[in-house]
Structures are given as C-alpha cells and as structure tokens.
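The structure under discussion appears below in the form of structure tokens.
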Number of protein chains: 2
Amino acid sequence: MEVFYQPDILNGVHHLSADESKHCIKVLRHGKGDRIYVADGRGTLFEVRIEDPNPKACVFSIISHSRRPDKGFAVSIAIAPTKNNERTEWFVEKAIELGIDEINFYFGRHSERKKMNMERLHKKAVAAMKQSEQFILPAMKLYDSFADCLAATPADRQRFIAHVDPSHPYHLMDMAEKGGAYTVFIGPEGDFAEDELVAAFEAGFTKVSLGPNRLRTETAGLVACHILNLINR
Amino acid sequence: MEVFYQPDILNGVHHLSADESKHCIKVLRHGKGDRIYVADGRGTLFEVRIEDPNPKACVFSIISHSRRPDKGFAVSIAIAPTKNNERTEWFVEKAIELGIDEINFYFGRHSERKKMNMERLHKKAVAAMKQSEQFILPAMKLYDSFADCLAATPADRQRFIAHVDPSHPYHLMDMAEKGGAYTVFIGPEGDFAEDELVAAFEAGFTKVSLGPNRLRTETAGLVACHILNLINR
C-alpha cells in the first residue's frame, strides 16, 4: 500500500507537497481518478481520489478515512544525539515502529555530537511512519542543552531518568504506572553530567534502571519505549 | 578497554588468532609484558600478559579472570534472514547487547532471502560481543528450512511462535514463565507458511503476540528477546 503524507489535510489542504506530488505522478504514474492513501501523521489514514494530477501539487478529494483508537498513554523520550548519526536514525525508525509519540533531542554537557540535521531526520521519520502502518509521526524537537529540554517537560508527565546506579537498581518496568504520559531521559555516550542529574532530581525525575546490561544510547531509548508499551499492554 | 577474543582459552590455547594478533601487535603496538584482556565468548574475561608479541600468533599467560554470574535463564531466537542483510546484522548486534544466548537462522518457505554469509555475521557478532562488555557470544547456526530448525529445538525449551492472530491475542509477556530456557520463532517478511505454523503447533509451540504494532522481522526478534529479559528481571 503506497501512502502519502499531508499533515494539514484536516486544515483543508487537499493536495500533496511538491516532493510527494512528483513521486506520485512522475514516478508512480498515477493519474486523474486514481485512488491513493494519505496519512496526516496523527493516526488518521484517508482514502482519496486524485482530481488534478499536477506533478507539483497533486490535488485530491477525500473518499473516506479511518482512525486508530487512542491507545490511552503517551511516550516521550528525551535523548542525546549519538556520535554516529546512523544510530540516531535507527532509533527514530524503530521507535516509530513501536508507536512513540514524541522524541526530544538535547545536547548534553558530555555529548560528543554537537550538531544535528533535523530536516534529514524528519524525512527518515516520515518514511518510517508510512512503513509502520500506524501513521503516527512523533513530534520531534531539538534543544540546545539538557536544561532547556528539561524545562520544556510538561507538568503532567511521569518523569524518569535512565541512570546506572548500583545503589538504586529500580527498574523502569516496576516504577512507571499504567496510563498517562511519560517522559524518559536517556544520557549521551559520555553519560549525564553531575549537575544535569541534580537538576533532573530537583525537577521531580526518578532515577531508573533499564536492566543489568550496559546498553548503547540508542538501544536504551528503544528499550525504555518498549517497557512503557508493555506496562500498557 | 581493548578486548580480544579466544574461544579456546580454557582448552589451553594461550595465543590470539592471526587476525587478532596482527591487530594487537601491528596496529595497537602492544609488546612483551603488556597487559591486555581476552574474552572467551562464554562470559569469562581474562587479564593476560603478552609473553611473545608474535604478530601471527601473539602468546600470552593468564594473570586473572572474572566471570559474570549465571543469569538463570537462556534465550534462543529462531529468525528468518531479512531481505536487507543490514537489518539482520543490526538484530545480531542489538540482541548481543541484550545478552541473547543463541540465534538460529532458517530459510522459511516465504523468505525472500535464500543465502546468508555466516562468516561475516560471526565477525559482526564478535565485535558486538567485545563492545557489549558482557562477553557472551551467542551460538549462531543456519538451517536450510523451517522444519530443520524446528526439529533442532531441544526438548526442555519453553516454545513460542510469534504469529499475528487477532483471535488469539496472548502476549509473550503473559505466556512465558520466569526461568529456564526459551525458544521463540520469528517469521520472515512474507510471514510463516500455513504448513510451517501447523508443524510448530504439533511440536508444542504456543502462538504469541508481541503487541498491537506491526513490527519488522528484526524488530520482532529484538522485542521478543527483551520481553524474556524483563520477565526474568
């Protein structure tokens, strides 16, 4: 099933972007009257009919739509970009497969990477969203620092920070409560700085373990997302 | 920490392979008397002293060793190689991070990929094992067919097959019991063939769900491994 993406379809935008129009008309050779699918990235999938096969702005009309029922919880992971960019892209793809709702990136004091191409990441996310058949595109934002990202955490979240501390081995699986919204902070390859940890504790974050194994940053992010899914299974 | 690999160290083989010797002596420029670490891939890490810095067979003597305590359960995933080989390599790396014990590959009736370079995969696995700091190299085997792989499952395993069936939505998390050894079959991109499913049920495998989301083959394999870790946390 070929799916296209138009985030503003419910705001009355009934044509595809230039990139997607070109792909639809020039590459896939769709024409007037053809039926295609369009996702809004918020869980609704539209079946539409092509009215004007313009390769720069393919116009369509809506035939029907279907919406996945609300899952009753929301997962946000705050994660530092990895040194190797592919690992971050991998995390985004896999987290979308698991139905993540929000991904915040921040540059920690010990982060080795200090730059991030959010546009490229957005394209990867859109591709993963289409592929996943869930049609949820997570909100993705980049923060200049851990403090900024921390301060942006909404008040209603269950707040966790994944930090290895043998004297406090409480597993996220046992600490998170079913339902509601979660934010979990995952540290960079160089781990959290001491003042970042202190700031998180002061902001009401609870230290949690993700298990006995040493995990890479991107694996820790995915595993945290999966644990919250399982609690809400 | 630079770690080398010698699976036969407990059988009295006290030198590195040609590849690892070259890396140790020529690239890292270690010399006589230097202390390095050697893992046997079965959970034991040895601190050793270089006695003969031969770049073709670096000889060492053992100073000390440490062994991770037995974790009390064992996970085996039987999985079909993915069409895109990188996805299988990614699965192997991540599953090793999560401490997997055994990976069996099989070509299913609906598998798109019909070939697999096990030597390349072994090298990737050794690199991931060193990186993971757990020093467990999973046993990896390739079977020509689903039936062969099924027949090779030891009798003492808790047996599961991950198959999407809306009329039987029992989650692996609720079906597996803590402790012991597990085998979970993951289907190829084209899913299991009907006769493969029947054969699995006849062999005592229980159908399980891995959650409501449609997962790629390699994600399903990783998620199954993680669920069994969580049950045994």
quick shape note, chain B: Cα extents on principal axes in Å, largest first -> 65, 35, 29
Relative to chain B, whose Cα atoms define the longest principal axis, helix B:118-132 and its Cα axis are tilted in degrees, nearest 10, by 70 degrees
How about the stretch A:109-197: which trypsin sites (Lys or Arg not before Pro) there are in a DSSP loop, with at most 13 other Cβ atoms within 10 Å of their Cβ? A:K114, A:K115, A:K178
Run lengths n ≥ 4 of DSSP H only: what is the helix-derived mean residue ellipticity at 222 nm for chain B, with -39500 (n - 2.57) per run over all residues, to the nearest 500? -8500 deg cm²/dmol
Computing the accessible area with a 1.4 Å probe over protein heavy atoms, can you report the carbon and sulfur percentage for the stretch A:1-114? 47 percent
Determine the sum of side-chain charges near B:E51: Lys and Arg each +1, Asp and Glu each -1, restricted to other residues whose C-beta is under 13 angstrom from that of B:E51. +1
Using just the C-alpha positions of the protein assembly as shown as equal point scatterers, what log10 of I(q)/I(0) does the Debye formula give at each q in 0.05, 0.06, 0.07, 0.09 1/Å? -0.22, -0.31, -0.42, -0.69
With a 1.4 Å probe and all protein chains left in place, how much accessible area per residue does the stretch B:3-67 have, in Å²? 54 Å²
Net +/- balance of residues flanking A:K83 in space, Cβ distance below 12 Å, scoring K and R +1, D and E -1: +1
For a label point 7 Å along the Cα-to-beta-carbon line of B:D156, residues of the stretch B:40-72 with backbone N under 17 Å: B:70-72
Can you list the residues in the stretch A:81-107 whose accessible area drops by at least 20 Å² when all protein chains are present, compared with the chain alone? Use a 1.4 Å probe, heavy atoms only. A:R87, A:W90, A:E93, A:K94, A:E97, A:L98
Electrostatic dipole magnitude of the protein assembly as shown [Cβ: Lys, Arg +1; Asp, Glu -1; Cα centre; debye, to 20]: 740 debye
Rounded to the nearest 10 Å², the accessible area of A:D156 using a 1.4 Å probe with every protein chain kept is 110 Å²
Between A:A18 and B:D165, how high is the FRET efficiency from 1/(1 + (r/R0)^6) when r is the Cβ-Cβ distance and R₀ = 30 Å? Nearest 0.05. 0.10
Check each residue of the stretch A:184-222 and keep those whose accessible area, probe 1.4 Å, is at least 20 Å² smaller with all protein chains in place than in the chain alone; give them in order of residue number. A:N213, A:R214, A:L215, A:R216, A:T219, A:L222
Convex hull over the Cα atoms of the stretch A:3-67, averaged projected area in nm²? 3.6 nm²
What is the angle, in °, between the Cα long axis of helix B:217-231 and the longest principal axis of the Cα atoms in chain B? Nearest 10 is fine, range 0 to 90. 80 degrees
Rounding to the nearest 20 debye, state how big the charge dipole of chain A is about its Cα centre with +1 on each Lys and Arg Cβ and -1 on each Asp and Glu Cβ. 660 debye
To the nearest 10 square angstrom, how much accessible area does B:H15 have with a 1.4 angstrom probe? 70 Å²
B:V13: accessible area at probe 1.4 Å, nearest 10 Å²? 40 Å²
Starting from a label point 7 Å past Cα on the Cβ side, list the distances from A:M1 to the same position in the other copies, nm, shortest first. 4.9
Rg and Dmax of the stretch A:173-233 over Cα atoms: what are they, in angstrom? 12.2, 35
For the stretch B:208-222 and the stretch A:144-210, what is the centre-to-centre distance using only Cα atoms, to the nearest Å? 27 Å
For the full complex of protein chains and a 1.4 angstrom probe, list A:M129, B:M175, B:M140 by accessible area with the highest value first. B:M175, B:M140, A:M129
accessible surface per residue for the stretch A:74-233, probe 1.4 Å, DNA/RNA/ligands not counted, whole Å² -> 42 Å²
How much accessible area is lost when chains B and A come together, counting both sides, with a 1.4 Å probe, in Å² rounded to the nearest 100? 2500 Å²
The stretch B:100-233: projected area of the alpha-carbon convex hull, averaged over directions, in nm²: 8.4 nm²
Cα-based Rg of the stretch B:26-118 normalised by 2.2 N^0.38 Å, two decimals: 1.52
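The values are calculated or read from the model by the stated rules, or taken from the named source; none is laboratory data. No experiment lies behind these values; they were computed from the predicted model shown. Virtual Cβ from ideal backbone geometry, glycine too; neighbours counted across all protein chains shown. Note: accessible area is taken over every heavy atom of the protein model, side chains too, but ligands, DNA and RNA are not part of it. Shrake-Rupley method; radii C 1.70, N 1.55, O 1.52, S 1.80 Å.
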